[in-house]
1. Where the second residue is of a type in the set (S, T, N, Q) and not in a strand (DSSP E or B) and the first is more than 21 Å from Lys96 (Cβ to Cβ) and in contact (Cβ under 8 Å) with a residue 40 or more places away in the chain and lies in the stretch 1-27, which pairs have Cβ atoms under 7 Å and are six or more apart or on separate chains?
2. Where the second residue is crowded, with 16+ Cβ neighbours inside 10 Å and part of a strand (DSSP E or B) and the first is free of Cβ contacts under 8 Å to residues at least 40 places away in the same chain and lies in the stretch 206-223, which pairs have Cβ atoms under 7 Å and are six or more apart or on separate chains?
3. If you take the residues in the stretch 29-44 that are surrounded by fewer than 18 Cβ atoms within 10 Å (Cβ to Cβ) and charged (D, E, K, R), which one is farthest from Lys78 (Cα to Cα)?
4. Just name the residue that is surrounded by the fewest Cβ atoms within 10 Å (Cβ to Cβ) out of those in the stretch 397-421 that are at pLDDT 90 or above and not aromatic (Phe, Trp, Tyr).
5. If you check Arg119 against the conditions, is it over 22 Å from Tyr4 (Cα atoms), more than 34 Å from the chain's Cα centre (by Cα) and not polar (S, T, N, Q)?
6. Among the listed residues Lys5, Lys47, which satisfies the condition of being charged (D, E, K, R) and surrounded by fewer than 15 Cβ atoms within 10 Å (Cβ to Cβ)?
7. Among the listed residues Leu226, Leu187, which satisfies the condition of being in a helix (DSSP H, G or I), under 23 Å from Phe367 (Cα atoms) and more than 24 Å from the chain's Cα centre (by Cα)?
8. Which members of the stretch 366-425 meet the condition of being out of contact with any Leu (no Cβ under 7 Å at 6 or more places or on another chain), closer than 30 Å to Leu482 by Cβ and among the polar types (S, T, N, Q)?
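The values are calculated or read from the model by the stated rules, or taken from the named source; none is laboratory data. As the structure is a prediction and not an experimental result, all values here were calculated from the model. When we count neighbours, we look across all protein chains shown, and the Cβ atoms used for this are built from the backbone with ideal geometry, even at glycine.
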Amino acid sequence: MKKYKIFISGVQKELKEERRAAKEFILNDALFSDYFDVFLFEDAPAKSRPVESIYLGEVKKSDIYIGIIGQQYGVVGKNMMSPTEKEFREAKKLHKTILVYIKGENGKNDKKRDDGVQRLIKEMGHPQDGYARKRFKDISELTRLVYASLIEFLKEEGIVGRGAFDERICADARIADIDEEKVSWFLRVAREERKFTLSPEASVNDVLVHLNLLRDGKLTNAAVLLFGKNPHRFFLQAEVKCVQLPGTEVCKPFPSYKVYSGNLFEQVDKAVGFVLDIIKQAVIQQKHTPQFKRPFEIPVFAIQEAIVNAVAHRNYNVTSGVQVMVFTDRIEVWNSGSLPPELNIEDLRKPHTSFPANPLLANVLYFANYIQRTGSGTLEMIKQCRAQGAPEPEFVLIRNVEFRMILPRDVFTEEALNKIGLNERQIEAVKFIKVGGRITNKEYQKTFGLKKRQSTDDLKELETKGILSRVGTTGRGTYYILKGAPKGRKGH
């Protein structure tokens, strides 16, 4: 297998973190690590040859030049040029693929850069030269842009399909591998929920054609994932792992562990059911009636949206599946993949356009009323959590290769407790109670090595601030629980 060589350029001292992050991102990505090697000058072994001949020699051997541009031009050497400019001009002369990433916004900020940098930026912006030139504000955005550019490079080289994963033909799959009952179910739901135009009597073939799930008469990956009798036979990575954890950290033994590998609808439904079987339902007496309302501690919509988002937008090119982890204080939903270059984490908390990683999957899930098409799912999650008084979801991107949605299970998250002004002992005590269900004064003393008076003061403050409730008055039978938790209940 051919490996393409990437040369990363940029002022070392100023852009040390960006240079390093770009290299590590490429080499840690499951797809890119198979097709790319990366040269970073600071990682090269010491040699007796002149420095300039080393880095220009590496540019010659490279297939792709990545230039990261900041404020500084760099140390001027022969020909009154910095190493960055020399590397760029060598790549340009040899007609290498040139990808340029400029740190910071344009306009007035560009005028604050060194003169040499301003000149380079202007030259690198000539559209006739065919350079890919993007701007970034932080490392997360830089790696997203690098990802998009390298995927486009691999597409142009014919290494990965020019369409998304879900649009590609699924080798060896036949119409007989499609579950007719699932297609009939979809027709019924899609007509009721989204006014889908095909009649309930439409054939399987007609449905697949209408949804663009056939290419040249052959099943696409999306067709098998959505309606296959056994998608796992074709895609081992098409599964959702659900784990219940005994505390706030990953540790064994797991109270419950399931792997769901049916079609995508089944994966979502079973994963949501797994979570709902674990999390608490609050018992709330409704006003002016003896009836009780039992909402889940987290809105069901938020749980389903997190899971279906992971299934719909994950990167199916890598072997890792979707993972749902139910801790005592939160739910985390992990999926491989990144945000599209057009979005960042902050955009998920405001109105935004939808850019599905797997458009065919997203389209069918929309018709089945599993997702929203307009990119409003994350906003609705936030809205419903606020309305219920539950903590808002958190969105996290890890090294631009893994996306996580985190749904706190209660208002006593570590972040919230820090804002209240609790000391470290008190925060650890809340974690202790989340796992064990209660704590006594004596346990508090023993855990933190305190005298009774200091322990009593800590617990009293937690009670005063509305975090703990005391059960009992004095004596051995007295203990503390989280406010609102059922008395006598141990753990979750």
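1. Qualifying pairs under 7 Å: Glu14/Gln71; Glu14/Gln72; Ala21/Thr143.
2. Leu208/Leu214; Leu214/Thr220
3. Checked the stretch 29-44; the qualifying residue farthest from Lys78 (Cα to Cα) is Asp34.
4. Arg404
5. yes
6. Result: Lys47 is the single residue among Lys5, Lys47 that is charged (D, E, K, R) and surrounded by fewer than 15 Cβ atoms within 10 Å (Cβ to Cβ).
7. That would be Leu187, the only listed residue that is in a helix (DSSP H, G or I), under 23 Å from Phe367 (Cα atoms) and more than 24 Å from the chain's Cα centre (by Cα).
8. Selection gives Gln384, Gln388, Thr413, Asn418, Asn423.
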